[in-house]
Structure formats: C-alpha cells, structure tokens
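The values are calculated or read from the model by the stated rules, or taken from the named source; none is laboratory data. Treat the numbers as computed from the prediction; the structure is a model and nothing was measured. For neighbour counting, all protein chains shown are included, and Cβ atoms are generated from backbone atoms with ideal geometry for every residue, glycine included. Note: areas computed on protein heavy atoms with side chains; ligands, DNA, RNA excluded. Shrake-Rupley method; radii C 1.70, N 1.55, O 1.52, S 1.80 Å.
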Amino acid sequence: MSESYRDLPLDLWALILNNLPHHTNLEPLSLVCKQFLKLTNQLRPKLIVTNALILTHNDISSLINKRFPNVDSIDFSNYGFDIKGLLLSIASNCELEKLSEIDLCNVEKIPIKGLIELGSKIKVLKCRKIRVLRDKDLVGIGNSLPLLEELDISCPRNDHYLNMMGSGGGSEMAISDFGIRFLSLNLKNLRRINLSGNHFVTDRSLVCLSENCKFLEGVDVVDCTLVTAKGVLFLLRNSVHLNSISASRIETGHGRLGSEDMSFAGRRLYSLDLRESFISEEFMCMLVEACVDLKRLSLFYCTGFKVSSLALLLRKCRTLQHLALCCLHCVTDVYIVRLFPYLHNLVSLELSSISDGFTLNTLHTVARRCPSLEFVQMECRGLGITDLHFDSVKYGHIKSLNLSKSCNLDDTFLIGIALACPNLERLDLSYCDVTEKCLAAILDTCHEIRILSIKGCQMNSIGQGSVLPKLEVLDAANSAINDEGLAQIAIRCPRLEKLGLARCFQVTYIGVKEVVVTCQILKEINLYYCEMVYCVNIVSQMISTRPSLVKIVPPSPISLSNSENGFYLQHGCQILEGSKCEVPKIWE
C-alpha cells in the first residue's frame with residue numbers, strides 16, 4: 001500500500017484535482033512540490049492577467065506556452081494598461097487549442113486587431129464596463145468572431161455621449177440599433193447577449209436578434225431606456241429557444257405588459273427578471289396557461305398583479321430554485337404563507353420590504369416549508385418587532401443569511417437565529433443594531449461561518465471567544481471597530497484572508513499592525529479613509545511584514561513613482577486608491 005502522496009501516479013492526481021470546486025483551489029496545492037506545480041499549471045482552466053504578472057514575467061506568450069498551455073479562459077479585467085499588445089502577442093505566439101473565453105471587462109477599449117487573430121477560437125466575450133464602446137466596435141466583433149455564442153456589452157462607461165445628446169450626436173458615440181443589427185446578421189451562433197445599460201438600444205434591436213439569431217437563449221436589457229414591452233413580447237413569441245430574459249421599467253401606456261395574447265409564452269422559459277414594471281393580471285395568468293416552469297423568478301418594485309395570481313404561478317413552478325420578491329406592496333407577512341406550500345426545491349430567497357411587511361413569521365415559514373433552502377436575504381424593518389422568537393427547531397439547511405438594514409433586530413432574536421441555523425457559512429448584519437456580546441454568542445454557535453459582514457455596526461469588537469478557524473472574509477467598514485477590536489480579530493481569526501476597514505475612524509496603525517503581523521495568510525486589506533491610521537511608508541511596511549498581501553487600499557491616496565509601483569508589483573501586491581476603485585463586495 002502506498003505510504004505517501006508521492007506514490008500516487010500523476011494521472012490519478014489529475015482526476016482528483018479536476019473535481020475541485022473552483023480553479024483558485026489549485027493555488028495552495030501548487031506550493032506543495034514541483035510535481036504538483038507542474039500538474040496544477042496543466043489543469044488550470046483560467047488565467048487572470050494582472051499588472052504584477054506582466055511585470056514579473058514580461059513575456060506573457062512564453063509564460064502561457066510553458067506553464068498554462070491548457071487554459072480555456074483569459075481574464076484581462078484586472079490589468080490596468082493597454083492590452084492591445086498582449087492580445088496580439090498571445091494570438092501570434094500561443095497555441096491555445098482550448099481557449100474559448102476572453103474577459104475584457106473594465107478595459108479602455110476593445111482591441112479589435114487582437115480579436116481578429118483569435119477569431120476562430122472565441123465563443124464567449126465579456127466586455128462589461130468598457131470605457132469606450134461604439135457601433136464600430138460591434139462591427140469589429142461581428143467581423144472577427146464568427147463562432148461567438150455569448151456576448152456581454154453591458155454598462156459601458158462612455159458617459160461622454162450624454163454631452164452630445166443636445167446636439168443630436170449622442171447615438172454616434174454609443175451603441176445603437178445599427179450595431180446590434182450588424183451583430184445579429186454576422187453572429188449566427190449567438191445564444192446569449194447582455195445589453196443592459198445601453199440607452200440607445202430600442203425594440204428594433206430585439207426584433208433583429210430574434211429574427212436573425214435562431215439559437216438565441218438569453219437576453220438582458222435592464223436599464224435600456226428605449227426598450228418597451230413590445231420588444232420583450234416579440235422576443236417571447238418568436239425566439240423558440242429563449243429561456244432567460246431580464247428587463248426593467250416595461251410599460252407601453254395603454255397596451256401594458258400582458259395585454260396581448262401570450263398563449264405562446266416561451267415554454268422553454270426558466271428565468272424571468274422584471275424590475276420596476278407594471279405586470280398585469282393577464283400577463284401572470286397567461287404565464288400560468290403557457291405552462292412556464294420557471295427555475296428563477298425576480299420581481300423588483302413591480303405592480304399591477306395580485307397575490308393570488310403570484311401564488312398560482314408559483315404553484316405551477318414546482319422546480320423553482322431562485323425567488324426574489326423585493327419591495328412588492330402586495331406581498332406581506334399575512335400573505336407569505338400562501339406563496340410557499342409548493343416550493344420544495346427553492347435554494348435561494350430574497351425578500352425585502354419598504355414597510356413592515358415581513359416579520360419573524362416569514363422566516364419561520366420559508367425555512368420550514370423549503371427544505372432545500374440555503375441562501376436567504378431579508379431586508380425589512382419589520383423583522384424583530386414581534387415578540388415571537390425561534391423555538392427549538394433547527395434549520396441546518398440554511399447556509400447563508402443576509403439581514404442587513406433590518407434595524408429592529410435585538411440580541412435575543414439574533415441569538416435565536418444562530419441557534420436555529422447552526423450551519424451558517426455567510427452572515428450579513430450590516431447596519432443592524434448588534435452588540436458585541438450578541439455577535440460573540442453568534443460566532444460561538446455558528447462555527448462554520450466563512451464570510452461575515454458587520455458594516456455600519458456600532459460595536460468596537462467581535463467579542464472574546466474561541467478561535468474562528470474558518471472565517472476568511474470580514475467586512476467591518478463604517479463600523480466602530482477600534483484597536484482592541486482588531487487585536488481580538490488577530491487572535492480569533494488565524495485564517496483571515498480579506499479585511500475591510502474602510503472609514504473606521506477609531507482604528508490606528510497599532511491595531512492594523514497587530515492584524516498584519518498575526519494573520520499569516522492575509523491577502524487583502526482596505527484602509528480607505530481610516531484617518532487615524534498614519535505611518536510613514538505604511539504600504540511597504542505591511543508588504544515586508546506580510547508577503548501574502550496582494551491588494552492594499554491605503555488610508556489616503558499615495559503618489560507612487562514607477563520604480564515604487566514596480567517594486568510592489570514584483571512582490572505581487574496591487575496598491576489601489578479608494579477614491580478611484582470599487583470597494584470589493586464580499587457578499588456574493
């Protein structure tokens with residue numbers, strides 16, 4: 001019998017590692033030995049290109065050919081410079097037979113020449129939040145990527161076109177129906193497209209996509225100002241493979257959504273996301289009559305329908321797994337019991353109310369009637385108002401709970417939730433009135449918590465208690481955490497990887513140093529606007545003390561010379577300015 005992992009053949013290890021849940025799990029294994037390094041390099045499906053990676057290796061083509069020949073996805077979204085040369089180098093010098101996905105999110109503009117070279121390979125292109133995106137870019141995509149199946153061109157950042165609208169030139173500086181029509185005529189294999197946030201796209205684009213892309217399965221048009229119910233209905237009628245659609249503010253005056261015959265209604269449809277829309281009773285009833293078996297349903301700020309119609313639809317959707325009912329005036333604690341008798345397959349639930357619509361009874365009902373439920377998000381002022389508390393029932397299937405902005409929660413209520421949901425892995429108590437004693441009791445009860453958010457909570461510490469060996473992410477931004485609290489975090493959280501302290505005004509360098517010194521695998525720390533954290537060369541001191549750091553947001557913007565920036569990048573650490581970067585979200 002083999003006595004060491006080294007005795008197992010690499011083929012067997014490959015089978016084992018291929019079953020890991022995420023490609024990032026390969027990183028620690030690559031440090032075990034040279035054999036594992038070689039094996040994980042070959043198995044790595046995704047390469048994330050960063051400034052540090054390019055500075056360290058310089059020649060990305062050589063790096064890919066030698067270490068990552070089997071990647072099927074390359075992500076440039078974290079690279080802060082022009083990617084045109086990199087993409088051309090990869091296209092010219094790398095033989096990536098499996099490459100099928102390119103992520104260009106957040107880049108300045110689309111490098112068309114590089115895409116032309118890779119055109120025969122790419123099936124998925126992500127261009128979310130491109131700095132400049134116009135119709136001519138879509139023409140380039142249509143000409144260079146004939147096999148493209150998925151395209152995300154949502155939320156472009158070219159806000160400068162708004163200044164052109166007064167002179168009639170706005171549409172020339174952004175995506176319009178012309179560009180979408182060209183795409184639809186050239187990308188015959190297109191299956192999914194995200195157009196959200198493109199304000200010059202109209203119903204004509206949806207008609208073109210429906211008529212020309214016969215395999216179309218999913219369309220997102222959230223915040224597309226000129227898209228109406230007419231275009232959405234045309235898609236549902238004529239795209240026989242359509243299974244997912246997201247839209248917002250769908251109203252057409254007299255002919256509102258659902259006023260036309262929908263007996264066709266996309267029998268393949270499994271995901272429906274409507275926001276700020278008027279949904280008529282006719283529309284709800286016709287969805288039921290069409291035997292739509294939804295797996296995902298999201299309704300945000302929607303009006304026009306009754307609870308009875310929603311209950312009838314949910315009764316038909318026996319396989320529903322994800323449900324979001326947010327700020328719906330018709331859905332309250334009184335009616336919630338009518339909506340959940342049949343949702344045995346529900347996995348995630350999002351409920352929010354602008355009034356006192358939901359109470360503890362709601363949480364009881366959904367936890368008891370949905371045995372597969374794992375993720376629950378409830379934002380409501382009504383939670384905690386009632387004197388009713390959890391009994392001895394255990395809801396071990398609930399793994400993630402978001403109660404942020406529920407301002408009436410008390411300690412007894414929260415401790416009761418912890419006792420009832422002992423297997424929680426994610427807990428968000430942002431902007432709740434939580435005491436240090438209560439949080440300590442929760443953490444001593446829920447030993448599986450990996451991600452914790454206490455943003456905006458007015459407590460100085462997470463409290464004393466036993467070690468929290470599984471806590472990886474802690475977001476305490478805008479809280480009253482102080483140096484003593486950071487000392488407790490350092491003692492109790494040895495596996496902490498990400499720590500958010502933005503706008504924590506009672507934190508000083510002493511407390512930060514305690515965490516950096518003690519937490520040996522700390523990767524990210526956000527100190528944005530921590531006014532009391534002052535130390536000369538704070539960034540260099542943190543990096544030299546804790547080499548595992550890969551991302552630091554300093555208390556205030558610092559001016560780095562090219563040599564300093566290069567030094568930090570060579571150490572694998574990226575320095576971000578809090579005023580310019582998006583604070584990373586830990587609740588996903």
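Taking the criterion of being buried (at least 21 other Cβ atoms within 10 Å of the Cβ) and in a helix (DSSP H, G or I), the residues of the stretch 178-191 that qualify are Gly179, Ile180, Leu183, Ser184.
Would you be able to say whether some residue in the stretch 85-104 is outside any strand (DSSP E or B), modelled with pLDDT under 80 and open to solvent by 50 Å² or more (accessible area, probe 1.4 Å)? It would help to see each step written out before you state the result.
Restricting attention to the stretch 85-104, the residues satisfying the condition of being outside any strand (DSSP E or B) are 85-100, 104.
Adding the requirement that they be modelled with pLDDT under 80 leaves none.
For the stretch 85-104, residues outside any strand (DSSP E or B), modelled with pLDDT under 80 and open to solvent by 50 Å² or more (accessible area, probe 1.4 Å): absent.
Report yes if some residue within the stretch 3-13 is of a type in the set (Ser, Thr, Tyr), surrounded by 11 or more Cβ atoms within 10 Å (Cβ to Cβ) and at pLDDT below 65; otherwise report no.
First pass over the stretch 3-13, keeping only residues of a type in the set (Ser, Thr, Tyr): 4-5.
If we keep only those that are surrounded by 11 or more Cβ atoms within 10 Å (Cβ to Cβ) as well, we get 5.
Those still in the list that are at pLDDT below 65 too: 5.
Among the residues of the stretch 3-13, at least one is of a type in the set (Ser, Thr, Tyr), surrounded by 11 or more Cβ atoms within 10 Å (Cβ to Cβ) and at pLDDT below 65, which makes the answer yes.
Going through Ser372, Ser308 one at a time, which residue ends up being in a loop (DSSP other than H, G, I, E, B), of a type in the set (Gly, Ala, Ser) and surrounded by fewer than 18 Cβ atoms within 10 Å (Cβ to Cβ)?
So the residue among Ser372, Ser308 that is in a loop (DSSP other than H, G, I, E, B), of a type in the set (Gly, Ala, Ser) and surrounded by fewer than 18 Cβ atoms within 10 Å (Cβ to Cβ) is Ser372.
Could you go through the stretch 304-324 and let me know if any residue there is β-branched (Val, Ile, Thr) and closer than 24 Å to Cys407 by Cβ. So far as the stretch 304-324 goes, no, none of its residues is β-branched (Val, Ile, Thr) and closer than 24 Å to Cys407 by Cβ.
Considering the stretch 192-216, and only residues there that are surrounded by fewer than 21 Cβ atoms within 10 Å (Cβ to Cβ) and charged (D, E, K, R), the residue that is nearest to Ser144 (Cα to Cα) turns out to be Arg192. Which of the residues that make up the stretch 258-279 are hydroxyl-bearing (Ser, Thr, Tyr) and at pLDDT 85 or above? Once the filter is applied, which keeps residues that are hydroxyl-bearing (Ser, Thr, Tyr) and at pLDDT 85 or above, the stretch 258-279 yields Tyr270, Ser271, Ser277.
Take the conditions in contact with a strand residue (DSSP E or B) (Cβ under 8 Å, 6 or more places away or on another chain), free of Cβ contacts under 8 Å to residues at least 60 places away in the same chain, farther than 20 Å from Asn194 by Cβ and open to solvent by 10 Å² or more (accessible area, probe 1.4 Å) and apply them to Asp72. Does it pass? Lay out the reasoning, then the answer.
On the way: in contact with a strand residue (DSSP E or B) (Cβ under 8 Å, 6 or more places away or on another chain): yes; free of Cβ contacts under 8 Å to residues at least 60 places away in the same chain: yes; farther than 20 Å from Asn194 by Cβ: yes; open to solvent by 10 Å² or more (accessible area, probe 1.4 Å): yes.
For Asp72, the condition - in contact with a strand residue (DSSP E or B) (Cβ under 8 Å, 6 or more places away or on another chain), free of Cβ contacts under 8 Å to residues at least 60 places away in the same chain, farther than 20 Å from Asn194 by Cβ and open to solvent by 10 Å² or more (accessible area, probe 1.4 Å) - is met.
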